[in-house]
Every structure is written in C-alpha cells, then in structure tokens.
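Student: Please see the structure below; I have some questions.
The values are calculated or read from the model by the stated rules, or taken from the named source; none is laboratory data. Treat the numbers as computed from the prediction; the structure is a model and nothing was measured. A quick note on method: Cβ atoms are made from the backbone with ideal geometry, for glycine too, and the neighbour counts reach across all protein chains shown.
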C-alpha cells in the first residue's frame, strides 16, 4: 500500500504535496481541456496496470495509452508543474473514473479531485469500485462513501464484481440567483424553430438548407450556425425581430416543458431569486408560460440581442446586488454557456432544448442536466 497522504489543503482547487524525496509542489485542480487528452489516456493506462492488471488483465488492457477516454459529462484534471497527474470523470452525480499517476498515488491527489467534484455538485455522489481494488475502497470510505451493495457490473464488455458506494449529502440551495433562458429551457420550442427557419431563410435570402442539414446544425455552436446560414451581421437584428414576431403569433402552438411550475415552486420555497433573460419578446414569454408560471418568476428581461446576453446578465446581477459567484444561467445553447462565463456566472446546460448533448458538453458548462429532476438536484433543491 502506498504511503499515507502527505498533503496540506490550501483552499479549493489545490494542495501541496511531497513526492517522498523532499520535493514539494502545488497541485492545482482545473477543468479538462482537449490538450490534456493524451496525458489522461496515459495516466489511465498506468493506473489501471498498477491497480488490477494481475487480477483483471482484460480490463487493464482496455486502458492502453492510445485508448479513447470514456464519455463523461464533466472531467477535471490535477496538474503539478504544468503536468497532468490525475483526472476524474463525472456522469450525472456518478463518479465514473478516478485515475492518479502511480508515482503520486497516496499523496492527496485523489482527495483533491473528489473535493473538486463535491464543490461542483449537489446531492448524493455514487461510484463503483472493483472488488480487487480494496485500496481504492478504503480511500472512498475515508472520504465518507459507504458500500450500498456488491454485485456484477459490465465494464468494456466484461462482467466483474464491484462495490457500489454512495456518499449521502443534504440538498441545500446552491445559488442565490437562478436565471433561465426561455426557448428550449422553459418553452418546448425547438421543433417550432426548425419549422420556422426555412421561412426565415427565404425571407432574408440566406443559404438554403435541407431538413437534415438544419437538424445537423443543432450540433454546431451558435456562431457556426449563423455562418452556415450566411447571415451577415447587419441582418441579425432584423432576423431576431422577425423571429420574435413569429413566436408571438405561434404562442398557442408552443408548450411548456413538464415540471417547470414545480421547479419554480422549489426555488421560491428555498428563497432563491429567479429571472428569465431571453432573446424572445416579453409578449411571447408571457403568452407561452401563462399566468401560473409568470407569477412565480421574479424578473423578466426579454428582447435581448442574439449575442447580447452577457451584457444583460451583468446588468441584472448589478441591479439585484448579487455576486456572480452566487448565480447560474440555465440555457440550451453554446451562446448561453459563453454568456454565463463572460459574466462570471455558473452555467447549467440542459439537453432537452435546441443544442445537442455532445456540443454542449464540449463547451464545459458547470452543470449538464438531462432532465428537470437533474437540474433540480444540481441547483440543490
């Protein structure tokens, strides 16, 4: 078993470690970027080989240095002297992988990565540990995880024994301010948008697209969509105004996603301030949401320019006297993530709207929610 951790916590995101030879350095935890991929693949291979190559050789072999990383909603890396020395994967609230380079195992790096996950999530955390790796189980138990069950789980096509573990954490409101986009987050308008775009394309002389091509554009960042349609910058305000007019006329055909009222009730009960910041018109927002939902929202800011959300969010935060660190913007497009980041707000990307899960995940939102229940949990409700 490696030496016991020799670390001193130094606030969120970093720890000071010794490599056992008197050399000390600061390990920093940050979000994964694409340039980290090869290093993470090599660490996964090395750590798998050191942990269970003898007992589970087939699984260990699946972590070759060129093997692709498994899909994850979010991934963090631990970095020492600009070198990645470990990473952790999160799927929902499940820790799917935690790998630390063998040379620095047992020195607090795994604890640091788990601390980062705990800072960025609300509610219970779960994970599974191969029963041939009791050292990892002991680490998780020290961090508050408990075994819920033992059984078989499929991994890379192989059934093997695992401990299923959980860390119970109370749900408490994570934010003082939750700001929502409207279309694709509260209003089920993605299909309406796809039906309406051909009309906009013809009216404004944009690049024509087939239905399949328009569907494929959902996997592209917003700025790429604008370029693909050949929309010059001077036309964008006129296109946005026309879309607002058409949305107002079609309000009766656009529904609200299930459990939206329940979501706002939960936020109000937790004394969280709510707002909607949208490119759509206030007339359309009120018509689609209806009085029942509107009465549960504290602030409406509508008619925002296509790429003007960051400025509106900054103005809203200042007006309410809330620190950006205490707020989150909930959206369904990459421009929503960008606007939140430029404002200093956290970002919650929902996958039930216009943008696809894959393109949203690539832009590293603070939270990626598959359902309203996921979103409630991430908000601490």
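Student: Quickly run through segment 65-88 and pick out the residues that are crowded, with 22+ Cβ neighbours inside 10 Å and in a loop (DSSP other than H, G, I, E, B).
Tutor: Listed by number, the list holds a single entry, 73.
Student: Within segment 219-248, can you find the residues that are modelled with pLDDT of 80 or more and not in a helix (DSSP H, G or I)?
Tutor: 230, 231, 232
Student: Could you count how many residues in segment 292-321 are over 19 Å from residue 266 (Cβ atoms) and outside any strand (DSSP E or B)?
Tutor: 20
Student: If you don't mind, there's one more thing I want to ask. Looking at segment 198-218, which of its residues are buried (at least 16 other Cβ atoms within 10 Å of the Cβ) and not in a helix (DSSP H, G or I)?
Tutor: 206, 209
Student: Take residue 267 and tell me if it is farther than 30 Å from residue 320 by Cα, in a helix (DSSP H, G or I) and either in contact (Cβ under 8 Å) with a residue 12 or more places away in the chain or over 28 Å from the mean Cα position of the chain (by Cα) (or both).
Tutor: So residue 267 does not fit the description; no.
Student: Further question: Residue by residue through segment 369-381, note down the ones that are modelled with pLDDT under 85 and in a helix (DSSP H, G or I).
Tutor: Within segment 369-381, 373, 374, 377, 378 meet the criteria.
Student: Take the residues in segment 144-170 that are part of a loop (DSSP other than H, G, I, E, B) and out of contact with any helix residue (DSSP H, G or I) (no Cβ under 7 Å at 6 or more places or on another chain), then tell me which one is farthest from residue 377 (Cα to Cα).
Tutor: Within segment 144-170, the match that is farthest from residue 377 (Cα to Cα) is 157.
Student: Which of the residues that make up segment 334-351 are modelled with pLDDT under 90 and more than 12 Å from the chain's Cα centre (by Cα)?
Tutor: The one that is modelled with pLDDT under 90 and more than 12 Å from the chain's Cα centre (by Cα): 335.
Student: Okay, moving on. Output the number of the condition that residue 91 fails; it satisfies all remaining conditions of (1) closer than 17 Å to residue 375 by Cβ; (2) surrounded by 14 or more Cβ atoms within 10 Å (Cβ to Cβ); (3) in contact (Cβ under 8 Å) with a residue 24 or more places away in the chain.
Tutor: Only one criterion in (1) closer than 17 Å to residue 375 by Cβ; (2) surrounded by 14 or more Cβ atoms within 10 Å (Cβ to Cβ); (3) in contact (Cβ under 8 Å) with a residue 24 or more places away in the chain is unmet by residue 91, namely (3).
Student: Any residue at all in segment 105-122 that is at pLDDT 85 or above, within 26 Å of residue 380 (Cβ to Cβ) and assigned to a strand (DSSP E or B)?
Tutor: no
Student: What do you reckon, is residue 321 at positive phi and either more than 24 Å from the chain's Cα centre (by Cα) or buried (at least 16 other Cβ atoms within 10 Å of the Cβ) (or both)?
Tutor: Yes.
Student: Can you tell me which residues in segment 358-368 are in contact with a strand residue (DSSP E or B) (Cβ under 7 Å, 6 or more places away or on another chain) and either surrounded by fewer than 24 Cβ atoms within 10 Å (Cβ to Cβ) or part of a helix (DSSP H, G or I) (or both)?
Tutor: 360, 361, 364, 366, 367
Student: Go through (1) crowded, with 16+ Cβ neighbours inside 10 Å; (2) assigned to a helix (DSSP H, G or I); (3) out of contact with any strand residue (DSSP E or B) (no Cβ under 7 Å at 6 or more places or on another chain) and name the single condition residue 173 misses.
Tutor: If we test residue 173 against (1) crowded, with 16+ Cβ neighbours inside 10 Å; (2) assigned to a helix (DSSP H, G or I); (3) out of contact with any strand residue (DSSP E or B) (no Cβ under 7 Å at 6 or more places or on another chain), just (2) comes out false.
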